[in-house]
Ligand SMILES: NC(=O)C1=CN([C@@H]2O[C@H](COP(=O)(O)OP(=O)(O)OC[C@H]3O[C@@H](n4cnc5c(N)ncnc54)[C@H](O)[C@@H]3O)[C@@H](O)[C@H]2O)C=CC1
Ligand SMILES: O=C([O-])CC(=O)C(=O)O
């Protein structure tokens, strides 16, 4: 650990594809950080995983995490966002939020963090280029567009698909499911399009960031392309995410959080 710094205690809410990978890394040892506690929807299901860690963390209900940690990582179903984030930011602490789409229904949490000296961090997660987007947003961004292509398994169960009775079985050609704003994409695909909302929060907001979503039987990876036109630069970038155990979630997502945690105490920070 860097000299003179007390270790930060980290809590993880949700032990799914993202939470487990981060818990493993914290247990192996991340400079200046300890795993203070975890919360799980089904602690018994995760008993073997938790017992396999070098140091088994306390498993506590969501509303007790704040007693064990300075910082919480929200990696749970999006409906739990408020219950996880509020106890931390209201105490002037930090919440790292993966369910970014749910922030749009809970924007007052940002005001609460502001009022109490807390912070909500939305990591780059499964996306790419948020460093360049935040830099461009210091100047003037004219437009931001994102095109997402996912295998059918990465989209199943999304409210937009269920509500519109869209049948994805037997799809042979790419099908454009949705075209609209990031705000609408977040509502229609809350567990599949957090990246669109993260992009919008980095740039020109959820009502001006435009999104296309395709179900594509020709791809095996969750693929996101962003196109940005600004007064400082024009850029386009594509990321092809290998799905994790959860087909909706790219393997890179927890790595993005681990990289962010490493930056917290690093003597050298690279990137915006
Ligand atoms: N920002 C980004 O780039 C990305 C965000 N996500 C989002 O991150 C969140 C987590 O994703 P995954 O780990 O893939 O989901 P997952 O479904 O694999 O894991 C969620 C976990 O939360 C647990 N859980 C349920 N109720 C709980 C409760 N009351 N207390 C504590 N835990 C509870 C479940 O048991 C499950 O293990 C989701 O909202 C997902 O949409 C996913 C991928 C990328
Ligand atoms: O946006 C999300 O929540 C997840 C995603 O697309 C990916 O993992 O590629």
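Being surrounded by 20 or more Cβ atoms within 10 Å (Cβ to Cβ) and in contact (Cβ under 8 Å) with a residue 60 or more places away in the chain holds for only one residue in 102, 95, and it is 102. Name the single residue that is nearest to ligand 1 (Cβ to nearest atom) among those in the range 35-59 being part of a loop (DSSP other than H, G, I, E, B) and surrounded by 13 or more Cβ atoms within 10 Å (Cβ to Cβ). The selected residue is 41. Per this entry, residue 115 is not counted among residues that are within 16 Å of ligand 1 (Cβ to nearest atom) and either modelled with pLDDT under 95 or not in a loop (DSSP other than H, G, I, E, B) (or both).
Checked against (1) over 30 Å from residue 188 (Cα atoms); (2) at pLDDT 95 or above, residue 7 meets all criteria but (2). Out of all the residues in the range 255-266, is one or more farther than 21 Å from residue 134 by Cβ, crowded, with 21+ Cβ neighbours inside 10 Å and at pLDDT 95 or above? Looking for residues that are farther than 21 Å from residue 134 by Cβ, crowded, with 21+ Cβ neighbours inside 10 Å and at pLDDT 95 or above, one finds none in the range 255-266, hence no. Take the conditions (1) more than 11 Å from ligand 1 (Cβ to nearest atom); (2) surrounded by 15 or more Cβ atoms within 10 Å (Cβ to Cβ); (3) not assigned by the TED database to the domain that holds residue 222; residue 107 misses just one of them, which is (2).
Within the range 60-78, identify whether any single residue is touching a helix residue (DSSP H, G or I) at 6+ places or on another chain (Cβ under 6 Å), farther than 24 Å from residue 196 by Cα and either more than 16 Å from ligand 2 (Cβ to nearest atom) or not in a strand (DSSP E or B) (or both), and answer yes or no. Yes, the range 60-78 contains at least one residue that is touching a helix residue (DSSP H, G or I) at 6+ places or on another chain (Cβ under 6 Å), farther than 24 Å from residue 196 by Cα and either more than 16 Å from ligand 2 (Cβ to nearest atom) or not in a strand (DSSP E or B) (or both). Counting only residues that are within 10 Å of ligand 1 (Cβ to nearest atom) and in a loop (DSSP other than H, G, I, E, B), which one in the range 84-104 is farthest from the chain's Cα centre (by Cα)? Across the range 84-104, the extreme among qualifying residues is 99.
Given the condition assigned to a helix (DSSP H, G or I) and either more than 16 Å from ligand 2 (Cβ to nearest atom) or in contact with a strand residue (DSSP E or B) (Cβ under 8 Å, 6 or more places away or on another chain) (or both), answer yes or no: does some residue in the range 172-180 qualify? No, there is no match, as no residue in the range 172-180 is assigned to a helix (DSSP H, G or I) and either more than 16 Å from ligand 2 (Cβ to nearest atom) or in contact with a strand residue (DSSP E or B) (Cβ under 8 Å, 6 or more places away or on another chain) (or both).
The values are calculated or read from the model by the stated rules, or taken from the named source; none is laboratory data. These numbers come from a predicted model, not from an experiment. Cβ sites come from the backbone with ideal geometry, for glycine too, and all protein chains shown count toward neighbours.
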